[in-house]
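Read the figures in this text as sums done on the coordinates, not as results from a lab. In this text, all values refer to a predicted model and were calculated from it rather than measured experimentally. Note that we place each Cβ from the backbone using ideal geometry, even for glycine, and neighbour counts take in every protein chain shown.
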Amino acid sequence: MTKPHRELGGLTLADLQAVLVELGQPRYRATQIREQAWSGRVGSFQEMATLPVALRHELEAELCFRSLEIGAETTADRGLTSKLLLRGHDGEEVETVLIRHPGGAAARPRNTVCVSSQIGCAIGCLFCATGQLGLRRNLTAAEIVDQVRAAGHIWAAAGSGPPTNVVFMGMGEPLHNYGPVVEAIRLLQDWGLSPRHMVVSTSGLVPEIDRLAAEKLPVRLAISLHAANDLLRDRLVPLNRRYPLAELKAAAMRFSASTGRRVSLEYVLIANVNDRPEDAVALRQLAASVRAHVNLIPMNPIPNSELVAPPQRACREFAEMVGTRASIRFSRGERATAACGQLRASMAALPRRSALAAAAHIELVDGEMSTAPTHG
Ligand code: SAH
Ligand code: SF4
């Protein structure tokens, strides 16, 4: 039997209804299939007990249940954080980080999936392990959606709730894979997740920021700033040479004006590189002018690089200089062995445990996930 080429994760409900009508089935079957596929409780069409057996076979011939095969899972933080390795049809590995926030008196529980948008990345930021890989390939929209479904599957098996938030902060530059990323956002919306609970993080592709604003999708935008002056940012984020700070700042302001959603700034703190008092002052001014919250992320070590985070105390002092707009969070008890958020490259070279520290910066960057700023 030849492998079906249409992926379930890449179909809207209307698309799936059309498939069922072609198979001579009533439309409501599509909703049934969707619910089960999203619940994470089944791993194939064969396990969909409410469907007639003949239909299960037909679906199997027609559609691919998952575009990514679920591989190894590593957990940390008493099971609240884990990293999944998923494998594409071509054998390429995709990383997805799962973070549970159990909630408390004031906060609802949240299950956040940090998805990759590409395998590798072409931007080449100085401090990033994914950047060292270069771009291997783009992920398809179905592969992005299926990372969220895979997370749902893992959580369902552990008795936790379904995914509630999605952040595009795994491997890759989401706006460099624009079409599939926007399609994935729309598909996830169609699968039942609100774009309001999604964050797209970018190193600063100005034309695509404007394009995203025009989509009228209420996602949050996080800008990976890392330096508030062009000379330094040119070195840290080579894309800055194409879209310097003045242009990026203007694009950030246009984005929040047209979507009504605030932009946040990410700033990886690197000892003796971008942690001087004048860097804090410049950052404070820039953040005030775009009215953005700043997430300070002590750099996680990466292979073949001397760059490290400043000592904890210095990070706190930096945060104080930036002021009330800034928050800083160290990883959940994993700081000492923290690795980069983009982990595949670091997996080989660093202790296994460090792979999990990805979650550290995700927790940092998704402001909605923070319970309270911990600087000062
Ligand atoms: N390419 C996008 C999204 C993926 S990277 C972007 O750059 O925004 C997600 C976040 O992880 C970015 O803010 C990035 O700067 C940060 N990051 C990359 N390498 C890191 C490291 N070694 N330590 C801490 N954060 C890192
Ligand atoms: Fe790419 Fe983001 Fe890493 Fe820069 S930080 S190399 S844009 S993944």
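Converting phi to 3J(HN,Hα) with the Karplus coefficients 6.51, -1.76 and 1.60 and the offset θ = phi - 60°, the range 222-236 yields 10, 9, 7, 8, 6, 7, 9, 10, 5, 4, 6, 5, 4, 7, 7 Hz in sequence order, with x at every glycine or proline. Look at where the Cα atoms of the range 1-68 and of the range 266-308 average out, and the two centres are 46 Å apart.
Close amide-amide hydrogen proximity is noted between Val167 and Val113, Cys114, Val115, Val199, each under 5 Å apart and 5 or more residues distant or on a separate chain (H modeled in the peptide plane; Pro and chain starts excluded). Of Leu286, Met198, Ala61, which is farthest on the positive side of the dipole of the chain, counting Cα position, with +1 on Lys and Arg Cβ, -1 on Asp and Glu Cβ, and the Cα centre as origin? Result: Leu286.
Please report the orientation-averaged projected area of the chain, defined via the convex hull of its C-alpha atoms, in nm². Write down the numbers at each step before the final one.
Values: hull surface 73.4 nm².
Mean orientational projected area (the chain, Cα hull): 18.3 nm².
Positive-end ranking of Leu13, Ala250, Gly179 along the dipole of the chain, with charges on Cβ about the Cα centre, is headed by Ala250. Among Val263, Val21, Val42, determine the one that fluctuates most according to a GNM of the chain built with springs between C-alpha atoms less than 10 Å apart. Maximum fluctuation in the GNM of the chain, among the listed residues, is at Val21. About its Cα centre, the dipole of the chain is roughly 780 debye, where the only charges are +1 on Lys and Arg Cβ and -1 on Asp and Glu Cβ. Placing +1 on the Cβ of every Lys and Arg and -1 on the Cβ of every Asp and Glu, with nothing else charged, gives the range 6-64 a dipole about its Cα centre of roughly 180 debye.
Could you work out how far the C-alpha centroid of the range 129-171 sits from that of the range 70-94, in angstrom? Going from one Cα centre to the other spans 9 Å. Between 0 and 90 degrees, the angle of helix 312-322 with respect to the longest Cα principal axis of the chain falls at about 80 degrees.
Mean silhouette area of the range 6-64, derived from the convex hull of its C-alpha atoms and averaged over all directions, reads 3.5 nm². The trypsin sites (Lys or Arg not before Pro) of the range 125-218 meeting both criteria, a DSSP state outside H, G, I, E and B (loop) and at most 11 other C-beta atoms within 10 angstrom of the site's C-beta, are Lys216. Seen through its C-alpha gyration tensor, with square-root eigenvalues sorted a ≥ b ≥ c, the range 221-298 comes out prolate because a/c lies at 1.5 or above while a/b is bigger than b/c. Where does helix 245-259 land angle-wise versus the long Cα axis of the chain, in degrees 0 to 90, nearest 10? Compared with the principal axis, the helix lies near 50 degrees. The angle between the Cα long axis of helix 13-22 and the main principal axis of the chain comes to about 20°, on a 0 to 90 degree scale.
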